[in-house]
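**Q** One structure coming up, written as structure tokens, with questions to follow.
The values are calculated or read from the model by the stated rules, or taken from the named source; none is laboratory data. Predicted model, so just to flag it, every value in this text is computed and none were measured. Cβ: placed from backbone, ideal geometry, glycine included. Neighbour counts: every protein chain shown.
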Amino acid sequence: MWAAVALSFGLAMDATAVSAARGLGGRNRRELVILPLMFGGFQTGMAAIGWLGGRWAGAYIARWDHWVAFGLLVAIGGKMLFEAWRRDGTDPQRPGTIGLYIGLALATSIDAAAAGLTLALVPVAPWVALTLIGSITVACSLIGYAIGHVAGNRFGQKLEVLGGLVLIAIGIETLIQGL
């Protein structure tokens, strides 16, 4: 059981960091609900795909996962930087679009598909592991967003720039690890 919990926390960390980065900008409160639910759902779904896909999907996922995550995270981080520098700090930010939310959820959950291949090795039923992956990701993302939101309200636009840089750094790290 502890292996499944540890795997779940490991998979949740990218989603938590991205949630915190989104929270920095003081975005609409609906993101506080939407992002954690989407991140948890995508983490669970991608892990299930990896588990069900077995060896066939594993080679394909491993070949491209780092490139897809890198591209999405760098693009979204760059967009955050552009928006932070373009604004004067007085106009409220608009909430993200469903396309942005899906892109973030996909970028942070690609590694879960590869991790899903290992679910047969975890000493719990796959449905238990999948439930843990989703629920821990939701909880960590919710906490990350809330902390980011509080810090963003307190420290302002500079932290939004930092959030964009963090997303770009996560994308670069993902690419380097995948190569």
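**Q** Within the group G50, G40, which residue is in a helix (DSSP H, G or I), modelled with pLDDT of 85 or more and not acidic (D, E)?
**A** Only one candidate passes the filter, namely G40.
**Q** Consider W2 carefully, then state whether it is at pLDDT 75 or above, over 20 Å from S141 (Cβ atoms) and not charged (D, E, K, R).
**A** So W2 fits the description; yes.
**Q** Within segment 169-179, work out how many residues are surrounded by 16 or more Cβ atoms within 10 Å (Cβ to Cβ) and modelled with pLDDT of 85 or more.
**A** The qualifying residues number 0.
**Q** Considering every residue within segment 127-143, establish whether at least one is closer than 22 Å to W85 by Cα, assigned to a helix (DSSP H, G or I) and in contact (Cβ under 8 Å) with a residue 24 or more places away in the chain.
**A** No, every residue in segment 127-143 fails to be closer than 22 Å to W85 by Cα, assigned to a helix (DSSP H, G or I) and in contact (Cβ under 8 Å) with a residue 24 or more places away in the chain.
**Q** Next question, about the same structure. What are the residues in segment 156-168 that are in contact (Cβ under 8 Å) with a residue 24 or more places away in the chain and part of a helix (DSSP H, G or I), if any?
**A** Across segment 156-168, the qualifying residues are Q157, L159, E160, V161, L162, G163, G164, L165, V166, L167, I168.
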